[in-house]
Structures are given as structure tokens and as C-alpha cells.
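Where a number appears in this text, it was derived from the coordinates with a stated rule and is not lab data. What you see is a predicted model, and the numbers here were worked out from it, not measured in a lab. Positions of Cβ are generated from backbone atoms using ideal geometry, with glycine treated the same way; all protein chains shown enter the neighbour counts.
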Amino acid sequence: MNTPIAYFAFNRPRHTRETFAVIRAQCPTKLFIITDGPRPGHATDDEQCKEVREIVEKIDWTCEVYRNYADRNLGLKRRVSSGLDWVFSQAERAIVIEDDCLPHPDFFIFCESLLERYESDERVWVITGNNFQNGRQQGDSSYYFSKYNHCWGWASWRRAWQHYRIDIPFWPEWKTLSDWLKKTPDKVEQSYWANIFECVRRNEIDSWAYPWTASVWYHGGLTATPNVNLVTNIGFGPDGTHTVLKEYQDGLSAHPLGPLTHPERVEQDKKADRYVFDHHFGGLQQRLHRRMLKRPRRIVVEIIRTFRN
């Protein structure tokens, strides 16, 4: 495999062992390994971080290896951001995998093919391995284009990542412009993302993914999204960062892509994106909550009208 892979790991040996085995099976010719350092006050981090680094050092194929190991803990936001800055300073394109993202082998074929196909197409910014359509086929091709740049296994180019801004300095002005309203025409979705981006500006969320989403949207980038899910997130559990659950469990299962076919046009599938917001980001629940909040007001209005009559 000729496309560089950027692999991020931290303190979870079980996850690292499982996902790094998939990378080993691909035998990439160029591999970037980025790890975070142990957190102060966490008794098990030193040993677990050490074990993780021992796992990723087991490279038994011919490979050009680049290492970026943090001596101290940077946190998810700063570690991934600085790691990708480092990767794209040396590579024009890369496939990005975190230690809790378990790809199907077809994921690598999908990414490598589309990285080549859309290398010079400024409309396309991201290739994701994630699909949250719950079995719904969007269009007649192997993939469609979305505004949602899901990041549980993805790929991109230096030309896109160079526009990433960790603190989204464009947000205060952008939120007042018609471009923001055009890209989020649904009021519920608009409110949802505006709240998140406000939190990003106030540095209240330890996430690199939200600033990346804002950066992609701000510049109008599209994401090639497969019509089947190609990556399983195995990070749901008590030791997750943003996928915390009481017990360990895997996310959506991954499936083979089948013969790769391409859509005729490069344009956002708004219907598919509406479904993702409603069913993955909780849009339906938010709409229901809003209706419930409005209902008492209607009752009060009806009572007032009754007494006036």
C-alpha cells in the first residue's frame, strides 16, 4: 500500500493491538505513528502508554516509519491537531486511523482510490469510512457526497488540512453571514452546531474534530461517504474520551464495499445529511423537545382565549 497511514494511539493496549494488526496486514510503505504521553495523576498511564508503544514498534514489513511520541500528555485536541500538522508537513495525502477505529480491508482500497481520483478537485476535502444511514442506499454509486466529515477512520490531503484552524477564529464573523445560514438552513441543526462552535471558541471541548468540521464547512468542502459502513469504532466504554459508556461495546459493524463505482456529480446529498443529523446527531429528539416546550404555551394561550370569550 503506497498511501501513507497516520496512526494515533495513547493508553489502550487492547484497542491498539487489535487495530494495529489491521494496519500490519496492509503493509503500508510509509507509516506515521503519533502517541500521546501519560497524564499526571493517572497511576496506570505510564505502564499502559509504554505497552502501547511496544505494540506499535512491532513492524515486520518493509516500511518507512516516522515517529512522534509526546513526552507529556497533550490531550486529544492538541495531540491530534499537532500530529496531523506534522504528518501533512511531510505528506501530500494520508489515511488517518485512531487506536479505537477498526477498518474493514475495503476501507483502504476506498481511501486510496478516491485520494487519487479527487486529488486536484478542490470541492472534495475528506474521504470517510463511516456510514450512519442504517442500511439506506444513497444514489446508485458506492458513495455519495456529504457535508459531514465523520472522522472514525478517514483520509485527506495537505491542500485541505492546511485550512484547519484549531480555535476557529472565523466563527464570530461567519455566524453573522448568509453563508452560515445557507449551510445550516434547518433551525434545529443550526442551533445545535452553533452551540458546539461557541464551546470550541471558549475552549470548553477537548476535541480536534469539531474545529475540523467547522473549517471544512467554512470553506465549503465535501466528504466522500461510502454507502456501507467501513469502520467499526471499538472505543465505546469506560475508558473512552468522547465515547464513554459503563460497559465496553463496539459501534456499527463494518461491511465490504463491493465493486467501486463513482457518482456522476460532485454535490452534497442534502437528504442523506438530513437523515444523519436526525438519527446520528439526535435531531429528531431535539425537534420533539422543542415541540414539548412549546405545548404548555399553546395551552396557556387557549385558556386565556377561553376566559376572554
Nearest-5 percent of antiparallel DSSP beta bridges in the chain? 45
Rounded to the nearest 500 deg cm²/dmol, what is the calculated helix-only ellipticity per residue at 222 nm for the chain, with -39500 (n - 2.57) per DSSP H run of length n ≥ 4? -12500 deg cm²/dmol
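Can you give me the relative contact order of the chain as a percent, contacts being Cα pairs under 8 Å and 6 or more apart?
Details: 522 pairs, mean separation 61.2, N = 309.
Dividing the mean separation by the residue count of the chain yields 20 percent.
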Taking Cα atoms of segment 96-210, Rg/Rh with Kirkwood Rh, to two decimals? 0.97
Square roots of 5 times each gyration tensor eigenvalue, C-alpha, segment 131-284, largest first, Å: 25, 21, 15
Taking only the alpha-carbon atoms of segment 10-61, what semi-axes of the equivalent ellipsoid follow from 5 times the gyration tensor eigenvalues under a square root, in whole Å, largest first? 23, 10, 8
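Quantify how much of the Cα-Cα distance distribution of segment 24-168 extends past 24 Å, in percent.
Working: 3981 of 10440 pairs.
The calculated P(r) of segment 24-168 puts 38 percent of pairs beyond 24 Å.
Can you give me the convex hull volume of the Cα atoms of segment 183-222, divided per residue and expressed in Å³?
Working: hull volume 2.5 nm³, N = 40.
Convex hull volume per residue, Cα atoms: 63 Å³.
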log10 of Debye I(q)/I(0), alpha-carbon scatterers only, for the chain at 0.11, 0.16 Å⁻¹: -0.70, -1.46
GNM flexibility winner over the chain from 15, 104, 163 (Cα, springs under 10 Å): 163
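For the residues 30, 187, what sequence is obtained by ranking on other C-beta atoms within 10 Å, fewest first?
Fewest-to-most Cβ neighbours within 10 Å comes out as 187, 30.
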Which of these, 130, 149, 11, has the largest mean-square fluctuation under a Gaussian network model of the chain (Cα springs below 10 Å)? 11
At residue 261 and residue 69, where each label point lies 7 Å from the Cα along Cα→Cβ, what is the point-to-point distance in nanometres? 4.8
For q values of 0.14, 0.15, 0.18, 0.20 Å⁻¹, compute log₁₀ I(q)/I(0) with the Debye formula on a Cα-only model of segment 68-138, without solvent. -0.60, -0.68, -0.93, -1.07
